[in-house]
Amino acid sequence: MSMPIVLKVSAIRKDSKNVKTYVFQHDLRAKPGQFVMVWMPGVDEVPMSIGWQTNTEFHISIADVGECTHAIHEQIKVGDRLGIRGPYGTSFEFADYDYIIGVGGGCGTPPILNLVQQAVKAGKKVTVIQGARSKDYLLFKDLFNELGIPDLKCTTDDGSEGTKGVSTDILKEMLEKLDKSKKTCVYTCGPEIMMVKVAQLCEEYGVDCQVSLERYMKCGFGICGQCCMDDSGIRLCKDGPVISGKLALQHPEFGKYHRDQAGVVIK
């Protein structure tokens, strides 16, 4: 377990209608796909994926979806401080692959950005597919462009940008034409119903897949058991959040339900 630190917010960026990105000047040294616990004093502590990262700063993109995240959106300004614990959990592994396909959905895109940033640095061939409700919810086009991603594909439900439809439509087309001589892996984070389809497509086409899952977390390092998945009991804070698509598909709750802080099933 790492000791918590309190860091000053050095910048805040409005990245979509419901997402703000908070920048911290600190060498976090996280692996792509890992997360931190973010503490809002007097409110709560919540797990957050790490997005853009260098050896001098890291970014956390926070969607306004609950009590703690809403408080951060409303109260935290540049110069204020937040508590950070971590990084925790498993990471996206890409060293053994020639070709990286990242599939991000909505506010699940930050860890895909982190992965792509590291994969490009390692000289991997990369394609990014990002899906959202509309163009107002697409994230990080400027940062993906800064990384020189030549193949950034966007889908929106309403057709306001990119292809009208869902990201898995594009993924299916890509997998059908995939060069089998290149060792490929698909990485995904976003709405679970999307990730189920991604994992199923990868299984159908015989392509490796890694998914990043989210569950209710308290401790972040495997003690409390709040993030255990039915039926295996794997702890997503320690044995995840990144697991293989094949393993995710073995769990009855994947894409169907999750549990709240009291353990009650939420569908």
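Taken over the range 61-104, the criterion of being among the polar types (S, T, N, Q), more than 24 Å from Ile129 (Cα to Cα) and either touching a Cys at 6+ places or on another chain (Cβ under 9 Å) or surrounded by fewer than 21 Cβ atoms within 10 Å (Cβ to Cβ) (or both) is satisfied by Gln75 alone.
Considering the range 16-61 alone, what residues qualify as being under 23 Å from Arg235 (Cα atoms), of a type in the set (A, V, I, L, M) and not in a loop (DSSP other than H, G, I, E, B)? Hits for the range 16-61 are Val36, Met37, Val38, Val46, Met48, Ile60. Would you check if Val120 is in contact with a Leu (Cβ under 6 Å, 6 or more places away or on another chain) and surrounded by fewer than 22 Cβ atoms within 10 Å (Cβ to Cβ)? Taking the combined requirement at face value, the residue satisfies it. The listed residues are Gly206, Gly225, and the only one of them that is on the phi > 0 side of the Ramachandran plot, modelled with pLDDT of 95 or more and surrounded by fewer than 17 Cβ atoms within 10 Å (Cβ to Cβ) turns out to be Gly206. Could you tell me whether any residue of the range 131-153 is within 18 Å of the chain's Cα centre (by Cα), of a type in the set (Phe, Trp, Tyr), surrounded by 16 or more Cβ atoms within 10 Å (Cβ to Cβ) and assigned by TED's automatic domain parsing to the domain that holds Lys17? No, that holds for no residue.
Residues being of a type outside the set (S, T, N, Q) and not in a strand (DSSP E or B): count how many of those fall in the range 1-15.
4
The values are calculated or read from the model by the stated rules, or taken from the named source; none is laboratory data. Quick caveat, the model's predicted, so the values are computed rather than measured. All Cβ positions, even for glycine, are placed from backbone atoms using ideal geometry, and neighbour counts span all protein chains on display.
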